[in-house]
Amino acid sequence: MLSQSARSALVAAQSPIAIVLSCSDARVPAELVFDQGLGDLFVVRVAGNVIAPTLVGSVEYAVAAFGTALVVVMGHTHCGAIAATLDWITARGPLPSEAIHEIVTRIRPAVEQARRPGLDRAAILAAATRADVRASVRELSQSGSLVEMAARGDLVIVGAEYSLATGAVDFFDQVPT
Ligand SMILES: [Zn+2]
């Protein structure tokens with residue numbers, strides 16, 4: 001799909017089949033994960049797949065401009081952003097920068113929710129990863145121009161988790177039955 005002819009055919013327009021909001025982690029490139037090529041996915045990547053106004057705007061743009069009706073929020077196992085947030089909550093160490101603080105505070109509610117008595121670190125991180133995805137799905141579906149489209153069913157926003165170990169993507173949240 002990286003041929004010159006494929007490139008040329010896409011110069012004038014794009015028609016992505018899905019919008020993917022995923023983590024920036026180098027091991028989670030959406031096109032490779034879903035075996036897609038040039039022009040197939042509109043991908044928004046940010047550490048911890050958090051939601052912030054610029055990211056909502058990116059999704060809104062793709063929905064409006066290309067008529068893409070599916071949004072996948074994809075977290076992943078062994079996410080460094082989730083682990084860093086847990087470490088920050090428990091150790092209370094200083095964060096390297098204000099910008100990183102901005103990301104971690106957005107992940108924090110999911111990690112707090114996942115911290116249950118009796119759970120070990122791995123179990124907390126696993127639960128936090130899914131809670132973080134759920135929070136982003138919920139926030140997107142309550143944002144700006146996406147609210148009415150999601151309510152009408154013209155836009156489907158689902159949550160998924162990619163396993164680094166197996167390559168499988170588990171769609172676990174808001175998947176239409
Ligand atoms: Zn990550």
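The values are calculated or read from the model by the stated rules, or taken from the named source; none is laboratory data. Bear in mind that the values here come from a model prediction, so they are computed numbers and not experimental data. Don't worry about glycine lacking a Cβ; one is built from the backbone with ideal geometry, like all the others, and counts go over all protein chains shown.
The table for this structure:
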| item | result |
| --- | --- |
| Residue within the range 159-174 that is modelled with pLDDT of 95 or more, in a helix (DSSP H, G or I) and closer than 22 Å to Pro29 by Cβ present | no |
| Which listed residue is touching a residue at least 24 places away in the same chain (Cβ under 8 Å) and not in a helix (DSSP H, G or I), from Gly118, Gly144 | Gly144 |
| Top-ranked residue of the range 76-95 - restricted to ones that are in a loop (DSSP other than H, G, I, E, B) and more than 30 Å from Glu31 (Cβ to Cβ), ranked as nearest to the ligand (Cβ to nearest atom) | Leu95 |
| From the options Ser136, Ser145, residue that is over 18 Å from the mean Cα position of the chain (by Cα) and within 21 Å of Val44 (Cβ to Cβ) | Ser145 |
| Among the candidates Asp87, Asp25, residue that is surrounded by fewer than 17 Cβ atoms within 10 Å (Cβ to Cβ) and without any contact (Cβ under 8 Å) to a residue 60 or more places away in the chain | Asp87 |
| Restricting the range 39-75 to residues that are within 16 Å of the ligand (Cβ to nearest atom) and part of a helix (DSSP H, G or I), the residue that is nearest to Pro176 (Cα to Cα) | Asn49 |
